[in-house]
Amino acid sequence: MRLLLVEDDSMIGEAVLDLLRAEHYAVDWVRDGELADTALRTQNYDLVLLDLGLPKRDGLEVLRALRARRQRMPVLIATARDAVQQRIDGLDAGADDYVLKPYDLHELLARLRALLRRAAGRAEPVYEHEGVSINPATREVTARGEPVVLSAREWAVLEPLIARPGLVLSRTQLEEKLYGWKDEISSNAVEVYIHGLRKKLGAGVIQNVRGVGYMVPRGSSS
Ligand code: CA
């Protein structure tokens, strides 16, 4: 999953960035409202974590512009503990949820997971599909009841596919889920991770849709 972090405070931003990357999210970090707006116009994100008090353009303005463009990804706003009106304004401007600053980092992660699963059209916290089960909270993966260990990048490729069976994601879209990592991604990276996932989870779990991309096929047990 690829996230946009909008935060002008360097210390908070660095802490949240480290946390999110440790949790296998691909993250872009911008520090003012104008850069946030540019990022949102040019990249696809699965979720936005938006501070409201920002230089150059207020977070609320960024949010209103985003919703005016009919971009539908979940937005989690960050507000001060005593700023009730700000939270009300944020939710009414199209935010999906809020977190209070200073962050409780575990709560932040849980709220991210809840928003991402709702955005995938799911309510259940564990994704189960054709004998494969993944738990985004614990990152436990099993195949036919046996525990499986995935690398961070294998996880980053599998999660968006298994969250929405039947949805085809192109190689580029999957590469975007890997961006934000410190090193470069090689041109065949997605193929390599798909190959690894098939070996660990079973050949049928991810289907190649020729010329289009990859999907987890819809099945009887989904
Ligand atoms: Ca701020």
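Based on the Cβ-Cβ distance from Asp92 to Glu124, what FRET efficiency comes out when R0 is 25 Å, to the nearest 0.05?
Given R0 = 25 Å and the Cβ-Cβ separation, E is 0.30.
Considering lysine pairs in the chain that are 8 or more places apart or on different chains, how many have Cα atoms under 29 Å apart?
Taking the chain as the scope, the lysine pair count is 9.
What ranking do 158-171, 63-76 get when scored by the average of other Cβ atoms within 10 Å per residue, highest first?
Result, highest mean first: 158-171, 63-76.
Based on the alpha-carbon gyration tensor of the chain and its eigenvalue square roots a ≥ b ≥ c, which shape applies: rounded if a/c is under 1.5, prolate if not and a/b is larger than b/c, or oblate?
In terms of gyration-tensor shape, prolate.
Of the listed peptides 109-121, 50-62, 198-210, what is their order by residue-averaged count of other C-beta atoms within 10 Å, with the highest listed first?
The peptides rank, most packed first, as 50-62, 109-121, 198-210.
What residues from segment 7-39 fall in the zone where the backbone N is under 18 Å from a label point 7 Å along the Cα-to-C-beta line of Lys56?
Under 18 Å, as judged by backbone N against the label point of Lys56, lie 7-11, 13-14, 28-39 of segment 7-39.
If one takes the longest principal axis of the Cα atoms in the chain, at what angle in degrees, from 0 to 90 and to the nearest 10, does the Cα axis of helix 105-119 lie?
70
What's the magnitude of the charge dipole for segment 2-119 around its Cα centre, counting Lys and Arg as +1 and Asp and Glu as -1 at the beta-carbon? Answer in Debye, nearest 20.
Dipole size: approximately 600 debye.
To make sure I understand, if each residue's beta carbon is the centre and we count other beta carbons within 10 Å, what order do Ser186, Ser133 fall in, fewest to most?
Fewest-to-most ranking of Ser186, Ser133: Ser186, Ser133.
Report, for the chain, the % of DSSP beta bridges that are antiparallel, rounded to 5.
45
Residues of segment 42-61 with backbone nitrogen within less than 17 Å of a virtual label 7 Å along the Cα-to-Cβ line of Ser10, please, listed as ranges.
Zone members listed by number: 55.
Each residue of segment 11-22 in turn: what ³J(HN,Hα) in whole Hz from Karplus with 6.51, -1.76, 1.60 and θ = phi - 60°, glycine and Pro shown as x?
Karplus values, whole Hz, x for Gly and Pro: 5, 5, x, 5, 5, 5, 4, 4, 4, 5, 5, 4.
Using 0.36 nm times the number of residues separating Ile185 and Arg218, minus their current alpha carbon distance, what extension gain do you get?
Between Ile185 and Arg218, full extension yields an extra 9.0 nm.
Separation of segment 142-172 and segment 74-136 by C-alpha centroid, Å?
Between the Cα centres of segment 142-172 and segment 74-136 lies a distance of 21 Å.
Placing unit charges on C-beta atoms (Lys and Arg positive, Asp and Glu negative, everything else neutral), compute the dipole magnitude of the chain about its Cα centre in debye, rounded to 20.
Dipole of the chain, to the nearest 20 debye: 960 debye.
Coordinate-derived values only; no laboratory data. This is a predicted model, so every value here is computed, not measured. Cβ: placed from backbone, ideal geometry, glycine included. Neighbour counts: every protein chain shown.
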